[in-house]
Amino acid sequence: MSDYFLRPDCRGYKELAEGARTRTFWGAQMLFSLVEVDAGATVPLHTHPHEQGGIIVEGELEMGIGGEVRVLQPGDMYIIPGDVEHYAKGQDTKAVALDIFSPVREEFQY
């Protein structure tokens, strides 16, 4: 099996919070996190030293970053600097987002 090409459906989930889970894939300097947030589920307010960027792939996701709150739709992107408080909350249907972290979040290497 190649280390260059990956399939999300071949990877198990890591639970982030009740109703929120991710599948992660990483290299030496970055980590991809394919996040699913069920309708009404919340990834609670938190911080980490890693820079995080992402794009909404499907559904709608309320995100609060540094005290500013928006409801994001497919194609909307965000950048979260390290150590800035943020949260995510699912809306009426399941949301899927692709997050990218740098450097790699060691706790997401499972």
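What is the dipole size for the chain, taken about its Cα centre, with +1 at each Lys and Arg Cβ and -1 at each Asp and Glu Cβ, in debye to the nearest 20? Kindly include the intermediate steps, with their values, before the conclusion.
Numbers: 9 positive and 18 negative charges, 57 e Å.
It comes to approximately 280 debye.
Computed 3J(HN,Hα) for the range 65-80, one whole-Hz value per residue from the Karplus formula 6.51 cos²θ - 1.76 cosθ + 1.60 where θ = phi - 60°, is 10, x, x, 9, 10, 9, 9, 9, 10, x, x, 6, 10, 8, 10, 10, glycine and proline marked x. Once you place label points 7 Å from the Cα toward the Cβ at Y87 and V57, how far apart are they in nm? Placing both labels 7 Å along Cα→Cβ, they lie 2.5 nm apart. Here the label points at E18 and V96, each 7 Å from Cα along the C-beta direction, are separated by 2.6 nm in the simple model.
Multiplying each eigenvalue of the alpha-carbon gyration tensor of the chain by 5 and taking the square root yields semi-axes of 22, 17, 12 Å, largest first, rounded to whole angstroms.
Which whole-number percentage describes the relative contact order of the chain, with Cα contacts under 8 Å and a sequence gap of 6 or more?
Details: 268 pairs, mean separation 36.2, N = 110.
It comes to 33 percent, rounded to a whole number.
Once the mean of 1/r is taken over each pair of separate Cα atoms and inverted, the range 33-78 shows a Kirkwood hydrodynamic radius of 11.6 Å.
Bear in mind these aren't lab numbers, they're just calculated from the coordinates by the rules spelled out. Only a predicted model underlies this, so the values are computations on that prediction, with no experimental measurement involved. Backbone-built Cβ (ideal geometry, glycine too); neighbour counts: all protein chains shown.
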